[in-house]
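J.: Structure provided below as structure tokens; questions to follow.
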Amino acid sequence: MDYRLVLFIVANIATSFLGIRVTNAQKSPSTFNVLDYGAKGDGQQDDTQAFAKAWIDACDAGGDSTTLVVPQGKTFLIKSIAFKGPCQSTSIHIQIQGNIEAPSSIDQWNKCEDNNWLHFESIDNLFVEGQGVIDSRGSIWWTKAPIINGGNGYARQITYEDIILENVQNPIIIDQYYCISYSNCANQDYRHILFIVAYIATSLLGISVTNAQNSSPTFNVLDYGAKGDGQQDDTQTFAKAWIDVCNAGGDSTTLVVPQGYTFLIKYIAFDGPCKSTTTIHIEGNIVAPSSIGEWDKCENNAWLHFGSIDNLVVEGQGVIDGRGSIWWTNAPIINNMMFFNCKGLQLSGVTSKDCPGSHIAMLHSNNSIINNINLIAPQDSHNTDGIDIASTNNLQILNSFIGTGDDCVAIGSDSIGINITNVICGPGHGISFRNSITGIDRMRASSSPFGTAVLPSGDRVGLINEPVSLLGSLTREKKRLKKSTRCQVKQHLMTKM
């Protein structure tokens, strides 16, 4: 069969009957790097004007979207600046991977518009994203800064729901006469205000104000003996901490991977079901072994395996480094992370780099959200897919960067309702529909410069600089994926003791 003929027929049906416009993906959104406008990024020279010039061009450029890039590895000194619209493109992104710093002394500051250092105004569909740090150096102002008041008027229809207040001095303040000092304030009695709020909450709204310390226990891997030096094996300490996290009761529990440490982890399985809603908060770095001989056997070809944990939250700014270069010429392919039967997963913030195989594998994990993550591998790395999906329905992939050596997103069989929005792909391929796919149902790609979609034949069809729904019918595979056996953390511990 000549797949070019098939693609021609599909394109004709899409344009003639469904009203879908298939455009050339080479017309990618315009990118404006502040370095190209003279920014130095040394943290010493004033880069305000360079940012302002770059913003003018980015905002005035047409097309579906434009991107202002603040590159990694630089620190930009910025005085007061106003990013104003409206802009000409449908959406505009400010990608902040480098650091932005305010002046270090008050006399270096310009007049701030509306008392804001970085001012954004009248910009529809603005996305500010990235892993950079915005440091306002505020200590010079804490005894001198003007207070921005809310003005006069009413605050109506405010709802408080499912809020946990922990270690706060004044849980809720209704304050008509706010003053900065909390002392010598006229017309003010905080005890009276707090009494009124507590009475309304408990008597009229039925809200219970309780001690939050026991409702959300936190388990830090350092408390279980983890060293975090990047040299000693911390696998067992993570496994022990996970058992306590997963078995703890309460509304929610949190496993903390703290900032400032690098944890060497071999294969590990985080398996449920758990007794509460579980969060894994990753602020430190996790690295795989540096040689193949140090790897344990990986169940299901996954380095970090998450199984049967409903409503799991994995979040943070940490880096998960698979050190995959030792595997790129050696089979088998190992995924950095696999989520198996994790319904309601929320994955956000983290960076996965140099995976041995795919960064993320999603299997039987319905109703999940992947948001604001970074998946990175060299362009010449082998089989380093960004996200592999199979037997998973209603998955949202949002506001992320995926630059790998292979597919950006690979969609396999039995997957319905995949929504990919504001995802930047490249280097690597675009979206791949795997060989088991016989049709496409309820897939949506929106405002994403994917480049190309890779069909099972290896042919490519240009994707989409505008929202589009890909319509068709999806038939189930006759032979279902076999449910793989997974070792439990407890069994893994026993074999290692």
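J.: Of all the residues that make up the stretch 401-428, how many are polar (S, T, N, Q), closer than 27 Å to Gly132 by Cβ and either within 14 Å of the chain's Cα centre (by Cα) or at pLDDT below 90 (or both)? Don't jump to the end; show me each part of the working.
T.: Keep residues of the stretch 401-428 that are polar (S, T, N, Q), which gives 404, 413, 415, 419, 421-422.
Subset that is closer than 27 Å to Gly132 by Cβ: 404, 419, 421-422.
Still in the list and also either within 14 Å of the chain's Cα centre (by Cα) or at pLDDT below 90 (or both): 421-422.
Total meeting the criteria: 2.
J.: Same structure again: Considering Ile243, Ile268, which residue is surrounded by fewer than 20 Cβ atoms within 10 Å (Cβ to Cβ) and within 24 Å of Phe340 (Cβ to Cβ)?
T.: Numbers: Ile268 fails: surrounded by fewer than 20 Cβ atoms within 10 Å (Cβ to Cβ).
The match here is Ile243.
J.: So, one more: Within the stretch 271-290, work out how many residues are surrounded by fewer than 21 Cβ atoms within 10 Å (Cβ to Cβ) and in contact with a Lys or Arg (Cβ under 9 Å, 6 or more places away or on another chain).
T.: The qualifying residues number 3.
J.: Moving on to the next point. Within the stretch 267-276, identify whether any single residue is assigned by TED's automatic domain parsing to the domain that holds Pro356 and at positive phi, and answer yes or no. Explain how you work it out, then say what you get.
T.: Of the stretch 267-276, the ones assigned by TED's automatic domain parsing to the domain that holds Pro356 are 267-276.
Restricting the remaining residues to those that are at positive phi gives none.
Checked against the condition, which is being assigned by TED's automatic domain parsing to the domain that holds Pro356 and at positive phi, the stretch 267-276 yields no hits at all.
J.: Tell me whether the stretch 69-84 contains one or more residues that are out of contact with any Gly (no Cβ under 8 Å at 6 or more places or on another chain), more than 24 Å from Gly38 (Cβ to Cβ) and modelled with pLDDT under 90. Spell out how you get there, then give the answer.
T.: Going through the stretch 69-84, the residues out of contact with any Gly (no Cβ under 8 Å at 6 or more places or on another chain) turn out to be 69, 78-84.
Within this subset, residues satisfying the condition of being more than 24 Å from Gly38 (Cβ to Cβ) are none.
Looking for residues that are out of contact with any Gly (no Cβ under 8 Å at 6 or more places or on another chain), more than 24 Å from Gly38 (Cβ to Cβ) and modelled with pLDDT under 90, one finds none in the stretch 69-84, hence no.
J.: From the list Asp380, Asp310, which one is touching a Lys or Arg at 6+ places or on another chain (Cβ under 6 Å), surrounded by fewer than 19 Cβ atoms within 10 Å (Cβ to Cβ) and touching a residue at least 12 places away in the same chain (Cβ under 8 Å)? Step through it out loud before you land on a result.
T.: On the way: Asp380 fails: touching a Lys or Arg at 6+ places or on another chain (Cβ under 6 Å).
Selected residue: Asp310, the only one of Asp380, Asp310 that is touching a Lys or Arg at 6+ places or on another chain (Cβ under 6 Å), surrounded by fewer than 19 Cβ atoms within 10 Å (Cβ to Cβ) and touching a residue at least 12 places away in the same chain (Cβ under 8 Å).
J.: In the stretch 14-66, which residues are modelled with pLDDT of 90 or more, in contact with a helix residue (DSSP H, G or I) (Cβ under 6 Å, 6 or more places away or on another chain) and not polar (S, T, N, Q)?
T.: Phe32, Val34, Tyr37, Gly38, Ala39, Ala50, Phe51, Lys53, Ala54
J.: For the stretch 222-236, how many residues are in contact with a Lys or Arg (Cβ under 9 Å, 6 or more places away or on another chain) and either without any contact (Cβ under 8 Å) to a residue 12 or more places away in the chain or within 13 Å of Ile286 (Cβ to Cβ) (or both)? Break it down into steps so the answer makes sense when it comes.
T.: First, pick out the residues of the stretch 222-236 that are in contact with a Lys or Arg (Cβ under 9 Å, 6 or more places away or on another chain): 224-225, 233-236.
So of that shortlist, the ones also either without any contact (Cβ under 8 Å) to a residue 12 or more places away in the chain or within 13 Å of Ile286 (Cβ to Cβ) (or both) come out as 233-235.
Residues in the stretch 222-236 being in contact with a Lys or Arg (Cβ under 9 Å, 6 or more places away or on another chain) and either without any contact (Cβ under 8 Å) to a residue 12 or more places away in the chain or within 13 Å of Ile286 (Cβ to Cβ) (or both): 3 in total.
J.: Follow-up question, since we're still on this one. Take the stretch 323-366 and flag every residue that is aromatic (Phe, Trp, Tyr), in a loop (DSSP other than H, G, I, E, B) and without any contact (Cβ under 8 Å) to a residue 40 or more places away in the chain. Before you say what the answer is, go through the steps one by one.
T.: Applying the first criterion (aromatic (Phe, Trp, Tyr)) to the stretch 323-366 yields 327-328, 339-340.
From what is left, the residues that are in a loop (DSSP other than H, G, I, E, B) are 327-328.
The answer is Trp327, and nothing else.
J.: So which residues in the stretch 279-303 are at pLDDT below 95 and in a strand (DSSP E or B)?
T.: Ala302, Trp303, listed by residue number.
J.: Can you tell me which residue in the stretch 121-166 is surrounded by the most Cβ atoms within 10 Å (Cβ to Cβ), limited to those that are of a type in the set (Gly, Ala, Ser) and at pLDDT below 65? Please lay out each step first, then the result.
T.: At the first step, the residues of the stretch 121-166 found to be of a type in the set (Gly, Ala, Ser) are 122, 130, 132, 136, 138-139, 145, 150-151, 153, 155.
Going one step further and asking which of them are at pLDDT below 65, we end up with 145, 150-151, 153, 155.
On the way: Ala145: 12, Gly150: 7, Gly151: 5, Gly153: 6, Ala155: 7.
That would be Ala145.
J.: Please go through (1) farther than 24 Å from Gly349 by Cα; (2) modelled with pLDDT of 90 or more; (3) touching a Ser or Thr at 6+ places or on another chain (Cβ under 6 Å) for Ser391 and return the number of the only condition it doesn't satisfy.
T.: Unmet condition: (3).
The values are calculated or read from the model by the stated rules, or taken from the named source; none is laboratory data. Being a predicted model, the structure only gives us computed values, none of them experimental. Heads up, the Cβs are rebuilt from the backbone with ideal geometry, glycines too, and the neighbour counts pull from every protein chain shown.
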